[in-house]
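Single-structure report; data block below.
Laboratory data are not the source of any read-out in this text; all were calculated from the coordinates shown. From a predicted model like this one, the values you see are computed outputs, not experimental measurements. Glycine also receives a Cβ, built like all others from the backbone with ideal geometry; neighbour counts cover every protein chain displayed.
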Amino acid sequence: MTDEISYARVKSDVESAQSYSQRKQDKHEQEMAMLAKAFAKTKDVHKVLDAPCGVGRASIWLAQQGKQVTGIDLGEAALALAAELAQKAGVNAQFESQDIFALTYADKAFDATLCFRLLHHFESEALQARLIAEICRVSDRYVVMSRISPSSFTSLRRRLRRVLSGKAIKQYPVSAAQLDAEFAKHGFTPLGKVARSELLHSLQLHVYMRK
Ligand SMILES: C[S@@+](CC[C@H](N)C(=O)[O-])C[C@H]1O[C@@H](n2cnc3c(N)ncnc32)[C@H](O)[C@@H]1O
């Protein structure tokens, strides 16, 4: 395991960006419903950072909720597609090329930051901690962070399949206690979490508030 930042998951090419924009509609809708429940726990949030934004799925949804959205990603093709899809959807969102580990924004620049579907790509706890530190730094009041739960049925089944097939593991679960402890280091306290079904589905959203 290395603590060096891995850029293997950056969606720079058109093909991988497009395949993400063609995610199954029901899955997309379920994920946006999770975001709705998570943001319902926040108050007076106007300026939101969507980091990373990928092809802008959440940025577009947030803009549709009346938020002032900045979406960042390092994938050039993903950013271009995000801007195109936002325009098609008739919403205003700003998309910028930024490295999530070294954002150029001031401390507390955003009311809230959403970090959706990235943390579980990093195996190294040191990298996970760096990611959380940078997200907390630019967030004035809230962070909405996704994680993959180690104890859900889907996670266990995925692990078993990997062991049986011998394929490399690409998703790294984190426990709620680990995540809470990491956010506590930056003065954030848990406000609640959202899961479709905690035991069945592995993707969970945690909402943190600055103390
Ligand atoms: C699984 S996608 C999730 C995108 C979006 N949150 C969504 O759910 O549609 C992960 C994204 O992280 C981006 N990414 C990976 N490493 C990054 C980094 N260091 N800085 C910014 N973006 C990064 C990739 O380009 C990719 O678009």
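Residues whose amide H comes within less than 5 Å of that of Thr113, counting only those at least five positions distant or on another chain, are Leu49, Tyr142, Val143, Val144 (H built at 1.01 Å from N in the peptide plane). With a threshold of 27 Å on the Cα-Cα distance, the over-threshold entries among Lys41/Lys211; Lys108/Lys193; Lys11/Lys41; Lys24/Lys108; Lys170/Lys211; Lys43/Lys108 are Lys11/Lys41; Lys24/Lys108; Lys170/Lys211. Rounded to the nearest Hz, the phi-derived 3J(HN,Hα) couplings of the range 139-150 under the Karplus curve 6.51 cos²θ - 1.76 cosθ + 1.60 (θ = phi - 60°) are 9, 6, 10, 10, 10, 10, 10, 8, 8, 9, 7, x, where x marks glycine and proline. If R0 equals 25 Å, the separation of the Cβ atoms of Ala181 and His28 corresponds to a calculated FRET efficiency of about 0.20.
Using the alpha-carbon positions of the chain, Rg (one decimal) and Dmax (whole number) come out as 16.3, 48 Å.
Compactness check for the range 1-97: Cα Rg over 2.2 N^0.38 Å is 1.10.
Taken one residue at a time, the phi angles of the range 65-72 give Karplus couplings (6.51, -1.76, 1.60, θ = phi - 60°) of 8, x, 7, 8, 10, 10, x, 10 Hz. Gly and Pro are set to x.
Sorted largest first, the spans of the alpha carbon positions of the range 12-64 along the three principal axes are 38, 23, 15 Å.
Karplus-derived 3J(HN,Hα) values for the range 19-29, using 6.51 cos²θ - 1.76 cosθ + 1.60 with θ = phi - 60°, are 5, 6, 6, 9, 4, 3, 4, 5, 5, 4, 5 Hz; glycine and proline are entered as x.
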